[in-house]
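**Student:** To start, I am sharing the structure in question, which I have written as structure tokens.
The values are calculated or read from the model by the stated rules, or taken from the named source; none is laboratory data. Keep in mind it's a predicted model, so treat the numbers as computed, not measured. Using ideal geometry, Cβ is built from the backbone for each residue, glycine included, and neighbour counts are taken over all protein chains shown. Just the protein is used for accessible areas: all its heavy atoms, side chains included, with ligands, DNA and RNA removed. Shrake-Rupley method; radii C 1.70, N 1.55, O 1.52, S 1.80 Å.
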Amino acid sequence: MQEGEGFSSQLLRRFKSAHSVVVLTGAGVSAESGIPTFRGKDGLWKKFNPQELATMDAFKRDPRLVWEWYEYRRRLIQKAQPNPTHYAISDLEDKFGEFLLVTQNIDGLHQRAGSRRVVELHGNIWRDRCLRCGKLYDYREIESEEFPPKCGCGGTLRPDVVWFGEALPQEALSSALGAAQSCDLFLSVGTSALVQPAASLPLLALRNGAFVVEINPEPTTISELVNQSLRGKAGEVLPNLVGRL
Ligand code: BJW
Ligand code: ZN
């Protein structure tokens, strides 16, 4: 286990020789931008019950409540700026022949930091989808005066994010699975690795011979399984590591 400056020579060697790299990110990456994580001591879900808010059943039962929760989170995200971790990941992209950023985050901060090859596993909070016809809307272009807003077809709009019990976007998931299977270096940053199927990606990479590195201030379900678990805040560890490459 290394922190800050003290990266092992094996770790640096693996990074320097890697050709194909996958980075998986979770809410911890945006924590240093002021966006609360889901679980953990300051997690969103200490205050809000996910079963009441992040499921289709909840939305059917009380769409206004769920919309208000997303409106609250959009306000938080709108005020937030990408942090040094987002920029370090964007810099990493240029250093390798093959690179894929797989994010569970719905906040769009990676793209704002310049990342281009990004797969969003759990959707994006700035997009809405009609429950009736499936039409996608940029949140900022919604003209409906109703709340919750309606599509031109009369259907109710929902945030285009993935709730519990829902399938992940097929193309995003298959790109992520393919990249995890064929990469030689896999970096898991700021995720508790509790939510499936994203949580299986580092293990899939490991099984296929990749060197797997985790960055997290707390131990997670995969810490004991990966090749190196770097215990620290992503914003302190990752820019430092990228600066050494
Ligand atoms: C730092 C830091 C710093 C802090 N630096 N780090 C039993 C077994 C297996 C699976 C299941 C099961 N029961 C149910 C399931 C399935 C379920 C699941 O996995 N549940 C588990 C909780 C058990 N999964 C699903 O339902 C998925 N769909 C599915 O399985 O479909 C099957 C299907 C197939 C075909 C047809 C139909 C269905 C969907 C999962 C969707 C998850 N959605 C959410 C909400 C998105 C929208 C929204 O934001 O509102 O996604 S849940 C929430 O968790 C969100 C996140 O993306 C996701 C992951 O959380 P993440 O990112 O790891 O955050 P945290 O808070 O957990 O962790 C933060 C970490 O950061 C911590 O470790 C901190 O220490 C660390 N940290 N500061 C670095 N500065
Ligand atoms: Zn519609």
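**Student:** Below 8 Å between Cα atoms, with a sequence gap of 6+, how large is the relative contact order for the chain in percent?
**Tutor:** 25
**Student:** Now for a different question. Pop the C-beta distance of Phe164 and Thr221 into the FRET formula with R0 = 22 Å and round what comes out to the nearest 0.05.
**Tutor:** So the FRET efficiency works out to roughly 0.80.
**Student:** Could you state how much accessible area Asp57 has, in square angstrom rounded to the nearest 10, with a 1.4 Å probe and all protein chains kept in place?
**Tutor:** The accessible area of Asp57 comes to roughly 100 Å².
**Student:** For Glu166, Glu98, Glu141, Glu214, give the ranking by accessible area with the largest first, probe 1.4 Å.
**Tutor:** Glu141, Glu98, Glu166, Glu214
**Student:** Could you tell me the center-to-center distance, by alpha carbons, between region 179-245 and region 5-79 in angstrom?
**Tutor:** 15
**Student:** Would you rank Cys130, Cys153 by solvent-accessible area, highest first, keeping every protein chain in place and using a 1.4 Å probe?
**Tutor:** Cys153, Cys130
**Student:** Once you sort the root eigenvalues of the Cα gyration tensor of region 111-219 as a ≥ b ≥ c, which label holds: rounded (a/c under 1.5), prolate (a/b larger than b/c) or oblate (the other case)?
**Tutor:** Taking the square roots of the gyration eigenvalues as a ≥ b ≥ c, region 111-219 is prolate.
**Student:** Could you give the length gained on full extension between Leu76 and Ser175, defined as 0.36 nm per residue of separation minus the Cα-Cα distance, in nm?
**Tutor:** Gain on stretching Leu76 to Ser175: 32.7 nm.
**Student:** Using a 1.4 Å probe, how large is the accessible area of Phe99, given in Å² and rounded to the nearest 10?
**Tutor:** The accessible area comes out at roughly 10 Å².
**Student:** Can you compute the modelled spin-label distance between Arg39 and Glu68, with each label point 7 Å from Cα toward Cβ, in nm?
**Tutor:** With each label placed 7 Å out from Cα toward Cβ, I get 2.8 nm.
**Student:** To the nearest 500 deg cm²/dmol, what mean residue ellipticity at 222 nm is calculated for the chain from DSSP H runs of n ≥ 4 alone, each contributing -39,500 (n - 2.57), summed and divided by the residues?
**Tutor:** Taking each H run of at least 4 residues, the total per residue is -9500 deg cm²/dmol.
**Student:** By its C-alpha gyration tensor, with a ≥ b ≥ c as the square roots of the eigenvalues, how is region 73-118 shaped: rounded for a/c under 1.5, else prolate for a/b larger than b/c, else oblate?
**Tutor:** Here region 73-118 falls in the prolate category.
**Student:** Rounded to the nearest 0.05, what FRET efficiency do Cys133 and Lys47 have when you use their Cβ-Cβ distance and R0 = 25 Å?
**Tutor:** 0.15
**Student:** Further, regarding this structure: Is the C-alpha gyration tensor of region 161-214 telling us rounded, prolate or oblate? Criteria: a/c under 1.5 is rounded; beyond that, a/b larger than b/c is prolate, otherwise oblate.
**Tutor:** In terms of gyration-tensor shape, oblate.
**Student:** Right, here's the next one. Suppose R0 equals 30 Å. What FRET efficiency, 1/(1 + (r/R0)^6) with r the Cβ-Cβ distance, do Glu146 and Arg112 give to the nearest 0.05?
**Tutor:** 0.50
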